[in-house]
Amino acid sequence: MMVVNRSCRRPDQLREFLDNRLTADQETALVRHLDTCSACQQRLELLAADVDDWSDVQEMLSAGREGQCDAAGGDTPDPAATDDRVDQKPSLDFLAPTDDPAMLGRLGTYEVAGVIGCGGMGIVLKAFDRALSRNVAIKVLAPQLAISASARRRFAREAQAAAAVVHEHVVPIHAVAEARGLPYFVMAYVPGESLEQRLERTGPLAVPEILRIAMQTAAGLAAAHAQGLVHRDIKPANILLENGVERVMITDFGLARTVDDASLTRSGVIAGTPRYMAPEQAQGDGVDHRADLFSLGSVMYAMCTGRPPFRAETAMAVLRRICEELPRPIRQINPEIPDWLVEIVERLHEKDPAARFQTAAEVAALLGQHLAHLQQPTTVPRPPRLTRRRRFASPKRSWWRRPALAAVMLSTLGAGMVGLLGIGYLTGLFSAVSDLPEDRGLSPSAAVGQAYDGPSEQQWDAEVARVQQTIHDIAVGWFQAADVQPIDTWSESVSELKHQIEGLQHELNDQAM
Amino acid sequence: MNEIPDTRHSLLVRLCDRGDQQAWAELLEIYEPLIYRLARRKGLQHADAEELTQEAFVAVAAAIERWDPDPNRGSFRGWLFRIARNMTVNYLSRTRPENVGVGGTGFRHLLEQQPAASAEEATFFGREYRREAFRWAAGEIRGEFQESTWKAFWATAVEGHNIKETAHALEMSVGAVYAARSRIMARLKRKLQQLEGR
């Protein structure tokens, strides 16, 4: 029953308010009236939109997928992903009863409003902190992992260490506690979606965004590494993009270690998805902060291509790939990614930790420079390319993959291009046929086989050998015809030429497709 | 997304009305992520999903060539969004998404069909479309409001917080929070109606 009193506004005045047609004084008076009159409050809301619209707005715009735990996005058919889910519908029996009918239960002094997500380690809840009148996120260790006292202690210790990291790109931890025997920790609630949800929604990101997100992630990592903390589980699901400002917030620090021991001793199976794990981690070797950098490389790969770099049917197969194989070249999946960015990802993806960037801080700085150059090309200089230590992996694969194309290209080239090819040949572009020390890599056909695991691998061998021979002949002929300086002094022009060759190759590929 | 080759120029010539050009642009903004996402859900890889999205727009652009500006048929904008919806719903009801074909011919066929999807697919599409449209509309109108007004709306209408507590947290009066959320909601609704030409 609504009570209509004298000062209640007529519906048409409410309508006028919504259409911005009241004077400032009339508005002030109306707003004051709305402080107390519940009848007018409801009338205004129904004038603005009907009941379905109001509930739609909540469902459509809250990107946190609150509610149940369902498989993110639906159906990328990848069984390794299901390793990430402990339960489809988590049991919330551990919550204490609450007086508030809108809430699910209570945990400590927090009123639990709903479930944000579940992972291999536990459940993340959205809760309201009555004392401080703010929303928080609570991560509760999964009950089956909390049975051993040592696991619980370790969980608490890790959370304490993580709480010590204070940085704009790390989700702050407010408290660590235990309720009904279950350890949990309380973090700031970050409204927004995770990078994983974002990639599900939109696919690969634009280059400036990739740089921005990677740079902020690296900065957060640097802060944690400075405290001696290694994240161990960097992946898109743990990188939150704060609503509105799209600021990166890394979550779930240092907790993977808690899980490894608890779950490994129980069943010998690694919990959680290993898709972004570093090889040394996968092999159970000693892990240091550089493992996070490998994972960052995998995250950047996912941002460039829309999918993780290492995929397979089972978790074990994924780990094998991580340790032994190179992912499919980024430019084959997304040709719009510039090579300097591909190089950065490849450097982060080096199997040997000593070959990667050595600190998150230097990665953040480099990405920052690139971003600044992109935004102000005329005033900020482009950062120098990374020095290549190894053979030139991806374009060579695509090159050899189309030996027919290669033959066509050769036959239509003039002497100038032949010269380019010759130089390219001699400096290791086609490294398997050269003796240069840094090119003790795979032969082209083996590289093709590695990348394309397919029955057609054998077909390429004969073609490849034929083209190799042709190039060898050309190069020999060219260098006999001219006075040639030692190779080292060519390095500058060589990278220029390599560029041109790549460019041509891409053009030809595009036309051929 | 890359410019749709060859259709862009003729399209602009065809759509001489600025309002029509805007309708086309907004259709792209909403349907591009939407179709991509639906295609991924159907199991397509990224590159294939992207290609499919392109084909869909090529088909719609071709349909525009045949658009007949007859006042009895309603606005261009309304027509445009209707055919895009029909086409996408029909696409969803196919079991083999890759059979749609290249060059947009498959999509054109879908355009000409009467919507024949099951109620379930239509509902599913409806929700996904609405989700995308809401996101788009919220982004479009956000700049029209002050920070505190927007926060009041977001906290109570989207995140479901208690109105009194939000008012307290944002240092606004309760009346102001009610005013903010209703006003923004009304604006959102109007924006959505404008989108489809209603």
Item checked: Sequence of B:Thr166, A:Thr378 once ranked by neighbouring C-beta atoms within 10 Å, starting from the fewest -> A:Thr378, B:Thr166
Check: If you bin every alpha carbon distance in the stretch B:145-198 into 5 Å steps from zero, what whole percent lands in each bin?
Finding: 4, 22, 30, 19, 11, 8, 5, 2
Margin query: If neighbour count is taken as other Cβ atoms inside 10 Å, put A:Cys37, A:Cys8 in order from fewest to most.
Written below: A:Cys8, A:Cys37
Next item on the list: Determine how many Å³ per residue the convex hull of the Cα atoms of the stretch A:11-61 encloses.
Entry: 89 Å³
Checklist line | Relative exposure of A:Lys351, A:Lys139, B:Lys42, judged by other C-beta atoms within 10 Å (fewest first) | finding: A:Lys351, B:Lys42, A:Lys139
Item checked: 27 Å Cα-Cα threshold exceeded, pairs from A:Lys235/B:Lys191; A:Lys126/B:Lys151; A:Lys235/B:Lys42; A:Lys126/B:Lys164; B:Lys42/B:Lys191; A:Lys126/B:Lys42 -> A:Lys235/B:Lys191; B:Lys42/B:Lys191; A:Lys126/B:Lys42
Note to self: Give me the percent relative contact order of the stretch B:118-184, please, defined on Cα pairs under 8 angstrom at least 6 residues apart.
What the structure shows: 29 percent
Checklist line | Stretch gain in nm, segment B:Asp48-B:Gln22, where the contour uses 0.36 nm per residue and the Cα spacing is subtracted | finding: 6.6 nm
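Only the coordinates and a few stated rules stand behind these numbers; no lab work does. Quick caveat: nothing in here was measured; it's all calculated off a predicted structure. Note that each Cβ is placed from the backbone with ideal geometry, even for glycine, and that neighbours are counted across all protein chains shown.
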